[in-house]
Amino acid sequence: MADCPNKEKNAQVCTCTYTSCPRHTVCCECIRYHRENGGLPACLKK
Ligand code: SF4
């Protein structure tokens, strides 16, 4: 997975507790993954 230049900034607002996820703080990959699986990333759940 390509390194994301926004990872540090994203980490400041990310609400997902699964920090060992390879998509953690790479929001585009995270959203794509959950969309393809019919779900939502942690930050979009209420
Ligand atoms: S919301 Fe899902 S894809 Fe995103 S970091 Fe957490 S576990 Fe990984």
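Nothing in this text is a laboratory measurement; each read-out follows from the coordinates by a stated rule. What you see is a predicted model; the values in this text were computed from it and never measured. We place every Cβ from the backbone using ideal geometry, glycine too, and count neighbours over all the protein chains shown.
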Taking the stretch 6-25 and keeping residues among the acidic types (Asp, Glu) and either part of a loop (DSSP other than H, G, I, E, B) or surrounded by 11 or more Cβ atoms within 10 Å (Cβ to Cβ) (or both) leaves none
Show the residue pairs that are 6+ apart or on different chains and have beta-carbon atoms under 9 Å apart, the first residue being within the stretch 11-34 and at positive phi and free of Cβ contacts under 8 Å to residues at least 60 places away in the same chain, the second being more than 8 Å from the ligand (Cβ to nearest atom) and aliphatic (A, V, I, L, M). Thr25/Ala11
